[in-house]
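Okay, structure first, notes after.
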Amino acid sequence: MARRPSKPKLAAELAGIGRRFYGRGWVMGTSGNFSAVLSVQPLRLAITASSVHKGTLQAAQILEVDDKGRVRSGAGKPSAETLLHLEIARARGAGAILHTHSVWSTMLSGLHATAGGLAISGYEMLKGLDGIATHDHREWIPIVPNDQDMPRLAREVRKLLDRETAAHAFLLHRHGLYTWGHTLRDAERHVEILEFLFEAVGRASGNRVIG
């Protein structure tokens, strides 16, 4: 098994992702949160601190948390959504989890909430998702009702992940995107692919998104 990168390396990479995503308009202000798995047994995550501006994110603002979301190293509080990252890491065996708050994902999650999810098919960019080899693929992106009770929301997310085993991502209603990957590079690619697809679908939908 390949050795996992060190916390300083992952922290620097997470900070770089935050600044790049801010530049793309996917995590404005203090929105969004990012994590990478430091170890599996015991489960440890490197994760963004709460309420930090992603456009100026620094490695020092990345904390280490344990499998309960408790800080093991670093200054500050972890992201309020740390429990969601932990559930995704457990359920998917992910090496990294990224959460964005783009305009398109937020609008589409509202538009398709009553259907329980958003189906995207026929786009060449779908081949950028892990395991997808053709544009002739239907990607189902479930939509989860938003909730400020994080333990309860984490339980709902785990149920969803256990049920939707083929999903590469999910949306929180009028909130944003969660996706993951075996590595940070994989997770970042998934964000890029999905945000492209959201914008393409949103623009094609025209007034239905705006209304």
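What follows draws every value from the coordinates through simple rules; no lab data is involved. Note that this is a predicted model, so its numbers are computed, not measured. Cβ placement follows ideal geometry from the backbone for every residue including glycine, while neighbour counts extend to all protein chains displayed.
Name the residues whose placed amide hydrogens come within less than 5 Å of the amide hydrogen of ASN33, ignoring near sequence neighbours (fewer than 5 apart) on the same chain.
HIS99
What is the extension gain from ASP186 to GLN41, computed as 0.36 nm multiplied by their sequence separation minus the C-alpha to C-alpha distance, in nm to one decimal?
That pair, ASP186 and GLN41, stretches by 50.0 nm at full extension.
From the square roots a ≥ b ≥ c of the eigenvalues of the alpha-carbon gyration tensor of segment 86-185, which class results: rounded (a/c under 1.5), prolate (a/b over b/c), or oblate?
oblate
Extension gain THR56-ARG92, at 0.36 nm per residue separation less the Cα-Cα distance, in nm?
In short, 10.0 nm is gained.
Please turn the phi angles of segment 141-153 into ³J(HN,Hα) values with the Karplus equation 6.51 cos²θ - 1.76 cosθ + 1.60 (θ = phi - 60°), one per residue in order, whole Hz, x for glycine and proline.
10, x, 10, 9, x, 6, 7, 7, 8, 5, x, 5, 5
Between ARG203 and ARG24, what is the label-to-label distance in nm when each label sits 7 Å out along the Cα-to-Cβ direction?
Simple spin-label model gives 1.5 nm for this pair.
How many Lys pairs in the chain lie less than 30 angstrom apart by Cα atoms, where the lysines are 8 or more positions apart or on different chains?
For the chain, the number of qualifying lysine pairs is 16.
Can you check what the net charge comes to around VAL27, using other residues whose Cβ is under 15 Å from the Cβ of VAL27 (Lys, Arg +1; Asp, Glu -1)?
It works out to a net charge of 0.
Take LYS159 and SER121, extend 7 Å from each Cα along the Cα→Cβ direction, and tell me the distance between the two endpoints in nm.
My value for the distance between the label points is 2.8 nm.
Please work out how much length the chain gains when fully extended from VAL71 to ALA133, using 0.36 nm per residue of separation minus the C-alpha to C-alpha distance, in nm with one decimal.
18.3 nm is the gain from fully extending VAL71 to ALA133.
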